[in-house]
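First comes the structure, then the notes that go with it.
The values are calculated or read from the model by the stated rules, or taken from the named source; none is laboratory data. Here the structure is a predicted model, which means the values were calculated and not measured. Glycine gets a Cβ as well: all are built from the backbone with ideal geometry, and neighbour counts include every protein chain shown. Please note that ligands, DNA and RNA were not included when accessible areas were found on the heavy atoms of the full protein model with its side chains. Shrake-Rupley method; radii C 1.70, N 1.55, O 1.52, S 1.80 Å.
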Amino acid sequence: MRRHELTDAEWELLAPLIPSAGRGRPRVEDRRVINGMVYKIRTGISWRDLPERYGPWKTVYTRFRRYAIDGVFARALQQIQARADAAGDIDWLVQIDSTIVRAHQHAAATGRKGGSAGRTNRNDHALGRSRGGLTTKIHLACDGRGRPLAILLTPGQRHDSSCARPLLERIHVPRTGVGRPRCRPDHVIADKAYSSRGFRAYLRKRGIACTIPEKNDQKRHRRNRGRRGGRPPAFDRQTYRQRNIVERCFNRLKGFRGVATRYDKTATSYEAAVSLASFLLWARSV
């Protein structure tokens, strides 16, 4: 096994989820192709610069796009989560946060310059423009051991609070036996960006406890209203100290250069890359 390639244990977890070959001439070995995808995401090189030991670069790229569109890596991530949940290995003290990723100039060519088509494609592919240029924001929910549970991509300028609810609704851990998927955390930890009445009401409605600090202006507004302002939301400082776990999860994800900088033109391909990196984080911890 070479550097930046799947171990035997990781391949045993992923191999059953890879679609089998149909009719026609024999294709390049699956493990060889998947190793090429992992190498590309880990190093951030161009597809055309893949080493020859992984086969033709166009074969690796075409297979990656097919798997991305079919959601193969997203399903693989759910399956390894289900396996961990069946073993009682998931800590449902969930932390949520986001990080901004710079988009390389190669990722910006999602449509022709000018016209409505270019603007539509850019919005559809989770590319946003800020003072730093084109960016994508990765919204992440991780468990208490710092492993990704759900991923959501948006343009870089999108505010965290508006994506909190869709992010939590993406948590979907299937059962290995009979039963509905696990979708509800026991507890959610988030920073001040997620402090809003709407989000707190949503968590309360679902029966999810939360530890979210209150913003200074919200405190001032509540105090100015006197008794009508209501009680301050509960906040446990000891629990909030564990919020650094999600930051460490981002740090491990960005160890993959293809995640730390976005080179993929489409949101589908980039999300598949993040899902594959997340799968590898899980595979190395179970």
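Report summary: the helix-based calculation at 222 nm, which adds -39500 (n - 2.57) for every DSSP H run with n ≥ 4 and divides by the residues of the chain, gives -12000 deg cm²/dmol. Positive contributions from Lys and Arg (+1) and negative ones from Asp and Glu (-1), summed over other residues with Cβ under 11 Å from the Cβ of TYR263, come out at +4.
Taking 0.36 nm per residue of sequence separation and removing the Cα-Cα distance, the ALA234/GLU247 pair yields an extension gain of 2.4 nm. Using a ≥ b ≥ c from the Cα gyration tensor of segment 1-59 (square roots of the eigenvalues), is it rounded, prolate or oblate, where a/c under 1.5 gives rounded and otherwise the larger of a/b and b/c decides, a/b for prolate? It comes out oblate by the Cα gyration axes. Near LYS58, which lysines are there with a Cα under 25 Å away, not counting those fewer than 8 places off in the same chain? Reachable lysines: LYS40, LYS265. If you run the Gaussian network model on the chain, springs between alpha carbon atoms under 10 Å, then out of CYS183, CYS210, CYS142 the most flexible one is CYS183.
Over all Cα atoms in the chain, the spread is summed up by Rg and Dmax: 20.7, 76 Å. For the chain, the longest principal axis of the Cα atoms and the long axis of helix 57-70 meet at an angle of about 40 degrees. Rolling a 1.4 Å probe across the protein heavy atoms gives segment 188-286 an accessible surface of 55 Å² per residue.
Between 0 and 90 degrees, the angle of helix 115-124 with respect to the longest Cα principal axis of the chain falls at about 80 degrees. Counting only DSSP beta bridges with both residues in the chain, the antiparallel share comes to about 70 percent. Extension gain, ARG184 to HIS221, is 10.2 nm, computed as 0.36 nm per intervening residue step minus the present C-alpha separation.
Cα axis of helix 267-283 to longest principal axis of the chain: angle in degrees, 0 to 90, nearest 10? For 267-283 against the chain, the angle is about 90 degrees.
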